[in-house]
Every structure is written in C-alpha cells, then in structure tokens.
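Everything below concerns the one structure shown next.
The values are calculated or read from the model by the stated rules, or taken from the named source; none is laboratory data. Since we're looking at a predicted model, the values are computed, not measured. Cβ: placed from backbone, ideal geometry, glycine included. Neighbour counts: every protein chain shown.
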Amino acid sequence: MYNLIRKNIRNLKPYSSARSEFSGMASVFLDANENGHDLLGEGLNRYPDPLQLAVKQRIAKLKGVPIESIFLGNGSDEAIDLLFRIFCEPGEDEAIICPPTYGMYRVQADIHGTPIRQVLLAKDFQLRPEEVLEVSTPNTKLLFLCSPNNPTGNLLDPAAVEFLLRNFQGIVVVDEAYIDFAEGSKSWSQRLTEFPNLVVLQTLSKAWALAGARLGMAFASPEIIHYLNAVKYPYNVGAPTQRVVLSALEQGLEGTVSAIIAERKKLEKALAEFEFVEKIYPSDANFLLVKMKGSALIFNYLKQNGVVVRDRSREPLCEGCLRITVGTPDENNVLLELLAAFKPSLIQTFNPS
Ligand SMILES: Cc1ncc(COP(=O)(O)O)c(C=O)c1O
C-alpha cells in the first residue's frame with residue numbers, strides 16, 4: 001500500500017492548524033486569529049473541529065466502522081478528488097473507470113492530469129473483471145466501482161468486486177452513495193480489515209436527505225485515512241454542517257428510505273404502462289433508468305412543462321435512456337400525469353429514428 005502513495009505525499013508534513021494543536025480545556029482562545037466577537041451568537045466566529053470527532057463517533061456507531069477508518073469531507077466528491085492527489089502522479093499514473101458510471105471520476109481524473117482507461121460494463125451492467133485486469137499496468141493506481149451504480153441503478157456482483165479486490169494491484173474504490181436503497185445488501189465497509197487496498201465511499205446526500213449540507217464519508221484502512229486527512233483542507237467541513245449532521249444522525253432516517261423504495265416500485269409499475277417505455281432497468285437506488293422511444297423528445301417535453309429528468313442517452317449502453325429520480329408522491333404524480341398527456345404520435349413526426 002505504502003508504495004502506491006505518491007512520493008511527495010509520503011513525505012508531506014501536513015499543515016498543523018491551531019485547533020488541532022490544542023485539545024485540552026481552555027476558556028480564552030488567542031491562538032487562531034479568529035474574531036472573538038460572536039456576532040450571530042452561534043459560535044461561528046470559531047474554527048470548527050478539523051477532524052469532526054463528534055460526528056465521527058456517531059457515524060462509527062451507525063456504520064460499525066472504527067473512527068480511525070473514517071474520513072469526512074465536503075461531499076464524497078471531496079474524497080474522490082483527494083484520492084487522485086494521494087495516489088496519482090499527474091501525467092504518469094492511471095485510473096480505470098467502468099462506464100456507464102458516475103461522471104465525477106473522469107472529471108477529477110482530467111483535473112489531475114490522470115489518464116483514464118475504460119472498461120465498459122457488460123450488457124447487463126455488470127463488471128467484466130478479467131478485462132479490468134487486462135488493461136491495468138503497474139501505473140494503474142485507482143479503480144472506481146460504483147455499487148449501486150449511477151446511472152444504471154444496479155448493485156455490482158459481489159463476487160466480481162471481491163475478485164478485483166484480491167487481484168487488482170492498486171486501490172479499489174467502491175462508491176456506495178446509494179447503498180441505503182439496496183434492500184438487504186451489505187456494505188463493503190464491513191470488510192476493510194480483509195482488504196488494505198479498499199476505499200468505500202458513502203454520502204449523506206441521498207438516503208439522509210442532506211445534499212445541501214455537504215457531508216461525504218470515506219471508509220478505509222487507518223493508513224489511507226491518515227493520508228486523506230493529511231491532504232485535505234484543515235477545516236474542510238464547516239461548523240453548521242457538523243451541527244446539522246449530528247442532529248440528523250441523532251434523529252435517524254425515520255422511514256424516508258422505505259417510503260422512497262415503495263415509491264420507486266409504484267413509479268416503475270406506472271411507467272411500464274406507457275407504450276413508449278421500452279425498458280425499465282431494475283434499480284437498487286433512488287432512481288430509475290428508463291429506455292424510451294423518442295427519449296430526446298420526451299426529455300424536452302418534460303422540461304418545457306417544468307419537470308427535469310436526466311438525459312443519459314449519450315452514455316455508452318444507455319441509448320434512449322432517461323434517468324428519473326424517485327421524488328415525493330406529489331412530484332411523481334406530476335411526472336406521470338405529464339407522461340399520460342404526452343402524444344406518442346409526435347415521436348414519429350419529430351424523431352423518425
Ligand atoms: C455515485 C455517486 N457518488 C458520489 C456522488 C456525490 O455525492 P456527494 O453529494 O456526497 O458529493 C454522487 C452524486 O450524485 C453519486 O451519484
């Protein structure tokens with residue numbers, strides 16, 4: 001593992017913040033060049049806990065992962081960015097992605113000057129693990145797997161993921177942003193001690209309904225967590241976020257996940273009735289990938305009527321597909337009513353293909 005880390009990061013002496021140097025009892029803080037006046041009365045004049053210990057304690061209990069194996073960031077997107085910084089020498093090291101998948105892996109690779117190798121998923125949206133190994137070289141440092149996968153919605157076969165964890169020579173990142181919607185499935189975070197090359201990503205943006213708060217998690221060996229903390233901005237998670245997240249974690253999920261899963265099943269049934277719907281892919285997430293005749297026309301029709309879905313038709317293996325987030329019952333009804341009013345005859349007129 002140590003050898004996978006960029007030399008400059010191995011040798012990095014991280015910034016030591018005032019708040020990380022002092023952790024005892026004190027009543028007068030004159031160490032961080034803050035403003036002593038609490039203008040809003042909310043304590044925001046002080047820097048937040050750089051390592052977010054109170055939040056981590058809750059997450060450790062909730063997820064069954066020890067604190068030393070938890071990194072918290074400004075969304076899981078922050079962890080994706082930091083993984084490139086830690087493992088990929090710009091212009092030299094490579095990463096593998098398996099499209100169709102979450103777009104930020106490629107964007108971050110491009111930002112960091114990391115060449116990407118692509119191994120498309122199979123037609124059933126499952127991994128092709130042998131092909132992944134075939135295209136890897138000693139410079140392939142990161143492999144991104146997304147399970148349940150965005151935009152396809154399916155869990156990846158655990159046997160294929162395990163095969164890659166055992167045989168891929170770099171870091172395997174398993175992005176579980178949607179895992180809470182996959183009934184009965186187990187998180188890879190429970191197997192960290194078996195696989196020192198495993199990084200699991202999760203987020204509070206989906207099941208926990210906190211996309212606006214920005215809190216993402218990475219679970220990994222204490223060694224990888226050490227480097228994530230070394231390269232992050234000192235105060236990467238603001239005090240308001242830490243506060244809101246603590247309160248949400250104390251309250252629990254309160255059934256929104258089961259409600260969304262029930263709505264997903266209802267939406268799937270209702271969509272299947274439309275003659276322009278060709279296929280609805282099975283989903284373990286909070287969205288459906290739907291193949292439609294005239295998808296571009298339907299996408300624009302919905303947009304003109306105030307409903308935005310995601311057009312994924314230009315992604316490999318996703319021709320004619322729209323990705324539809326499962327909304328509230330009211331939001332889903334608006335969508336279904338609009339689709340019911342859509343005239344399929346228009347498809348012939350405007351989109352002969
Ligand atoms: C697969 C996947 N990973 C990560 C993210 C980013 O999540 P966050 O809001 O925690 O940055 C998303 C957001 O859509 C996603 O689909």
Evaluate the following for ALA159: is it closer than 19 Å to GLU78 by Cβ and away from the ligand (no atom under 14 Å from the Cβ)? no
Could you check, for the stretch 42-52, whether at least one of its residues is of a type in the set (A, V, I, L, M, F, W, C) and more than 15 Å from the ligand (Cβ to nearest atom)? yes
Every listed condition ((1) under 21 Å from the mean Cα position of the chain (by Cα); (2) assigned to a helix (DSSP H, G or I)) holds for ALA54 save (1)
With the structure loaded, tell me whether GLU42 is farther than 22 Å from VAL244 by Cα and out of contact with any strand residue (DSSP E or B) (no Cβ under 6 Å at 6 or more places or on another chain) or whether it fails that test. no
Go through the residues of the stretch 239-260 one by one and say whether even a single one is in contact (Cβ under 8 Å) with a residue 60 or more places away in the chain, among the aliphatic types (A, V, I, L, M), touching a helix residue (DSSP H, G or I) at 6+ places or on another chain (Cβ under 6 Å) and over 30 Å from ALA60 (Cβ atoms). no
Filter result for GLU194 (part of a loop (DSSP other than H, G, I, E, B), more than 24 Å from LEU53 (Cβ to Cβ) and modelled with pLDDT under 95): no
Return the pairs, sorted by first residue and then second, in which the second residue is in a loop (DSSP other than H, G, I, E, B) and of a type in the set (D, E, K, R), the first residue lies in the stretch 88-100 and is closer than 14 Å to LEU164 by Cβ, the beta carbons are less than 8 Å apart, and the residues are 6+ apart or on different chains. CYS98/ARG128
Just to verify a result, which residue in the stretch 169-179, among those that are more than 13 Å from the chain's Cα centre (by Cα) and without any contact (Cβ under 8 Å) to a residue 60 or more places away in the chain, is nearest to the ligand (Cβ to nearest atom)? VAL172
If a residue has to be in a loop (DSSP other than H, G, I, E, B), in contact with a Ser or Thr (Cβ under 8 Å, 6 or more places away or on another chain) and of a type in the set (Asp, Glu) to count, how many in the stretch 296-328 make the cut? 1
Can you confirm whether ASP93 is assigned by TED's automatic domain parsing to the domain that holds SER187 and surrounded by fewer than 21 Cβ atoms within 10 Å (Cβ to Cβ)? no
For the stretch 128-140, does any single residue satisfy the condition of being within 16 Å of the ligand (Cβ to nearest atom) and either assigned to a helix (DSSP H, G or I) or of a type outside the set (Lys, Arg) (or both)? no
For the stretch 255-281, which positions are part of a loop (DSSP other than H, G, I, E, B) and either small (Gly, Ala, Ser) or in the same structural domain as ARG214 (by TED's automatic domain parsing) (or both)? GLY255
Every residue from the stretch 182-202 that is of a type in the set (S, T, N, Q), within 16 Å of the ligand (Cβ to nearest atom) and surrounded by fewer than 20 Cβ atoms within 10 Å (Cβ to Cβ): SER185, SER187
May I ask you to say which residue of SER221, SER205, SER147 is among the hydroxyl-bearing types (Ser, Thr, Tyr), surrounded by fewer than 20 Cβ atoms within 10 Å (Cβ to Cβ), at negative phi and near the ligand (Cβ under 10 Å from one of its atoms)? SER205
Within the stretch 171-183, does at least one residue satisfy the condition of being assigned to a loop (DSSP other than H, G, I, E, B) and modelled with pLDDT under 95? yes
The correct count of residues that are within 28 Å of GLU92 (Cα to Cα) and assigned to a helix (DSSP H, G or I) in the stretch 141-163 is 4
For residues in the stretch 66-112 being within 13 Å of the chain's Cα centre (by Cα) and part of a loop (DSSP other than H, G, I, E, B), which is farthest from ASN8 (Cα to Cα)? THR101
Answer yes or no as to whether ARG214 is in contact (Cβ under 8 Å) with a residue 60 or more places away in the chain, in contact with a helix residue (DSSP H, G or I) (Cβ under 9 Å, 6 or more places away or on another chain) and at positive phi. yes
Subset of the stretch 227-240 (residues that are in a helix (DSSP H, G or I) and under 17 Å from ASP81 (Cβ atoms)): TYR227, LEU228, ASN229, ALA230, VAL231
